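Structure first, commentary second.
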Amino acid sequence: MTTAKLATRNILTKAAKGFTLIELLIVIVIIGVLAAVILIAINPVEQIARANDSGRISDIAEIGHAVQAYYANQQKLPTVGNTYQTALFNAGEISQAVVTVPPSTNTVCDGATGGTQGGICYVSNGTTNFLVWTTLDSTSNSVKAANAVAGTPCAAGTVPAAIYDSSQGKAGLACLPTNGAPAGGVSLN
């Protein structure tokens, strides 16, 4: 047999045996490293927080529009307290009370001047202006609420919140103090 035939025969015999243990371990390590990099890039906790925050922001806009419709029909705002959504439901402005996904931080509500129902705070001046809000969890929404170009979240002593401000007629994000209700005319981002 010639040398070339022997070399070909040895290569074919080795290939038929399969992968070595070292080769398999190297492939497993590479797959593990890639999986870890992907998990870090995706950040599933932040993604869940953003998804929950999207629902909260939508709920705030819905309640804000419902309170404005209530005012247009009743010529008064719902009574401030823990049953304001019940008043909206009874008037036909919402089909059911909105219960938002509770944030991991406590929703900042000033119990002396406002009410909370379903994790959503409500306060009004009793005539025409009102605020509806709840706090948010995600870091990206904290940065948006702070309107930070450099990616800095809300400052210490404040929390990100989704707010509907009737004086502006819109919903948005803002950083709220942790010790009470927001003032009217909040700068929404």
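The values are calculated or read from the model by the stated rules, or taken from the named source; none is laboratory data. Everything numeric in this text was worked out from a predicted model, so none of it was measured. Every residue, glycine among them, receives a Cβ derived from its backbone with ideal geometry; neighbour counts consider all protein chains shown.
Anything in segment 43-59 that is free of Cβ contacts under 8 Å to residues at least 24 places away in the same chain and either surrounded by 18 or more Cβ atoms within 10 Å (Cβ to Cβ) or of a type in the set (S, T, N, Q) (or both)? List them, or say none.
Initial filter on segment 43-59 (free of Cβ contacts under 8 Å to residues at least 24 places away in the same chain): 43-45, 47-48, 51, 54, 58.
Across segment 43-59, the qualifying residues are ASN43, GLN47, SER54, SER58.
Scan segment 136-157 residue by residue and report those that are in contact with a helix residue (DSSP H, G or I) (Cβ under 8 Å, 6 or more places away or on another chain) and not in a loop (DSSP other than H, G, I, E, B).
Kept after step one, since they are in contact with a helix residue (DSSP H, G or I) (Cβ under 8 Å, 6 or more places away or on another chain), are these residues of segment 136-157: 136-141, 151-155.
Hits for segment 136-157 are THR139, SER140, ASN141.
Residues GLN68, GLN74: which one is in contact with a Ser or Thr (Cβ under 7 Å, 6 or more places away or on another chain) and more than 14 Å from ILE120 (Cβ to Cβ)? Working first, answer last.
Values: GLN74 fails: in contact with a Ser or Thr (Cβ under 7 Å, 6 or more places away or on another chain).
After applying the criteria, what remains is GLN68.
With (1) exposed (fewer than 13 other Cβ atoms within 10 Å of the Cβ); (2) modelled with pLDDT of 80 or more as the list, and ALA162 as the residue in question, which single condition is left unmet?
(1)
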